[in-house]
Amino acid sequence: MGTRGREIVGMNVGKLVQLLNEAYASEWLAYYQYWLGAKVIKGPMKDAVAAELNLHATEELNHAVLLSTRIIQLGGTPVLTPEGWGKVSPCKYDAPEDPYVAVLLDQNIAGEQCAITTYKKLMDATKDKDMVTYNLALQILTDEIEHEEDLQSLKEDLDLMVQRGRK
Ligand code: FE
Ligand code: FE
Ligand code: MG
């Protein structure tokens, strides 16, 4: 990267790259969890939910793009192997073993909540130290907050529908 760009980072760059790589690994796992979930999904409202899962998949992939760009700018190397994603990610990969809509929604809601925690931590670590990464983390955090709300609202609709159907 440009040397001056790295000099203005007011924290340990190695530590910063590590935090960025943790988030980067989580994004790939989130991408695949959404992408596969949209394929295997079964149950009521599956088309509406699959559309949202597919959209989120593309947004998580875009987060990976943004993070890899910043890692490389800082002179770091993005996690090089898929095996590395699972090892480095603070958020677990939840396989869609049970394809029922509500189960997939719950798994992905948990993933978004982990992502929100990850970006909040990245913002806390970079506040007043690296404005560029701070701004990037804020941008991604804004998306993750939207993702959580989208999924919780779909889950609420599904719960209402299932309850009404029982009466
Ligand atoms: Fe993301
Ligand atoms: Fe997300
Ligand atoms: Mg959405």
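The values are calculated or read from the model by the stated rules, or taken from the named source; none is laboratory data. Note that the structure is predicted; figures quoted are calculated from it, not measured. With ideal geometry, Cβ positions are generated from the backbone for all residues, glycine too; neighbour counts draw on all protein chains shown. Heavy atoms of the whole protein, side chains included, go into the accessibility calculation; ligands, DNA and RNA do not. Shrake-Rupley method; radii C 1.70, N 1.55, O 1.52, S 1.80 Å.
Some observations on this one:
- The residues on offer are GLN152, GLN139, and the sole one that is under 17 Å from ALA64 (Cβ atoms) and within 18 Å of the chain's Cα centre (by Cα) is GLN139.
- Only one of the numbered conditions (1) open to solvent by 30 Å² or more (accessible area, probe 1.4 Å); (2) within 20 Å of LYS92 (Cα to Cα) is violated by LEU53, and that is (1).
- Residue list for the range 110-132, restricted to those being away from ligand 2 (no atom under 13 Å from the Cβ), under 16 Å from the mean Cα position of the chain (by Cα) and in contact (Cβ under 8 Å) with a residue 40 or more places away in the chain: LYS121, LEU122
- Per the listing ALA51, ALA38, ALA57, the residue uniquely of a type in the set (Gly, Ala, Ser) and under 13 Å from the mean Cα position of the chain (by Cα) is ALA57.
- LEU160 being surrounded by 14 or more Cβ atoms within 10 Å (Cβ to Cβ) and either aliphatic (A, V, I, L, M) or over 23 Å from THR69 (Cβ atoms) (or both): no
- The residues on offer are TYR93, TYR119, and the sole one that is open to solvent by 20 Å² or more (accessible area, probe 1.4 Å) and among the aromatic types (Phe, Trp, Tyr) is TYR93.
- Within the range 63-108, the set of residues being within 16 Å of ligand 1 (Cβ to nearest atom), touching a residue at least 12 places away in the same chain (Cβ under 8 Å) and in a helix (DSSP H, G or I) comprises HIS63, ALA64, LEU66, LEU67, SER68, ARG70, ILE71, TRP85, VAL88, GLN107, ASN108.
- Candidate set from the range 22-42 (those that are more than 12 Å from LEU105 (Cα to Cα) and more than 13 Å from ligand 2 (Cβ to nearest atom)); member that is least open to solvent (accessible area, probe 1.4 Å): ALA25
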